[in-house]
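> Take this structure, written in C-alpha cells, and hold onto it; I'll ask about it next.
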Amino acid sequence: MITLKQKIEIEVIFLIGIAVIVGIFFAVYRSNYKQQFNVSLKTPQMPVVKTTLAKVTVSSQISPDGTKEVVMKITQNPDNTETYNFSVVDVGSSIETHIYTWILDPAKSMLIPFNTWSSDDQYFFVQQNTGSTKSVFVFKTDGSPFANGSNYLDVTDLFAKANTGNNFDEATGWASGTLIIINTVNTDGTKGPSYWLEVPSQAVIQLSTEF
C-alpha cells in the first residue's frame, strides 16, 4: 500500500519531469526563433537609388507677327557646365524644330535678345557672352544650313574679317529681313560707326548714321 509520503514523492517527481520537458521545449523554440530572426536580418536589401532631376531654365522670344517663337532651354550639368538647346516653335501647330546645341563652361552664357527676329521671320540671332565680350550667331528659322554648310553665321567673326578698323560692340537688331545692325567701338574705346551685315552675301556695309 502506497503511503502518503510515497504519493507526495511521486507527484513531486512527476511535476519536476513536466517542468524539465516544458523547459526543454521553450529552449528549443527560442533557439529556432533566434536563428530565424538572425537570418531575416541578413537578408540582402534592394539598393536605394536616388535620382536628381536636372535643373532646366526656359526663355523665349516670339516673332513680331506672333507666328513663331525661338526657345532656349538651359540645363545645368553635373560637371558644372550648361547645355543650351535652341529651337523654333510654330505657334499655330506647336511643331518644334531643333536648331542648335551648345555646351558651355561657367565663364560663358547665352541669351536671346529681344530684337532677335528678322522682319520676315526667316532669321534670328542669339548672343554669347564671355565676360564683357559678345559674340552673335545668326540662324535660319527652319534650321537649314547656310551656303557654306554651317548651321549658323558668326556675325562677330565675319565683322572682324572685314577689317573695318573698328571693333565689334553689339548687334542691335534688324534693318530689314536680311540686314543686321552692328554698332562698333574705335580702337581707343570711343563709339565707332554703325554697319549693316547683309546675311545672304555676308557683306559688311558702313552706315553714315549711328544707331
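Throughout, read-outs are computed from the coordinates displayed, never taken from laboratory work. This structure is a prediction, so every number in the text was calculated from the model and none was measured. As a convention, Cβ positions derive from the backbone with ideal geometry for all residues, glycine included, and neighbour counts pool all protein chains shown.
> For a Förster distance of 22 Å, can you work out the FRET efficiency between the beta-carbons of Lys191 and Lys161, rounded to the nearest 0.05?
On the way: r = 22 Å, r/R0 = 1.00.
That pair, Lys191 with Lys161, gives E of 0.50.
> Sorting check: for 154-160, 110-116, 204-210, which peptide has the highest mean count of neighbouring beta carbons within 10 Å, and how do the rest follow?
154-160, 110-116, 204-210
> Now for a different question. Fully extended, how many nm does the chain gain between Glu170 and Ala107 (0.36 nm per residue separation, minus their Cα-Cα distance)? Working shown, then result.
Working: separation 63, 0.36 × 63 = 22.68 nm, distance 1.91 nm.
Contour length minus the Cα-Cα distance gives 20.8 nm.
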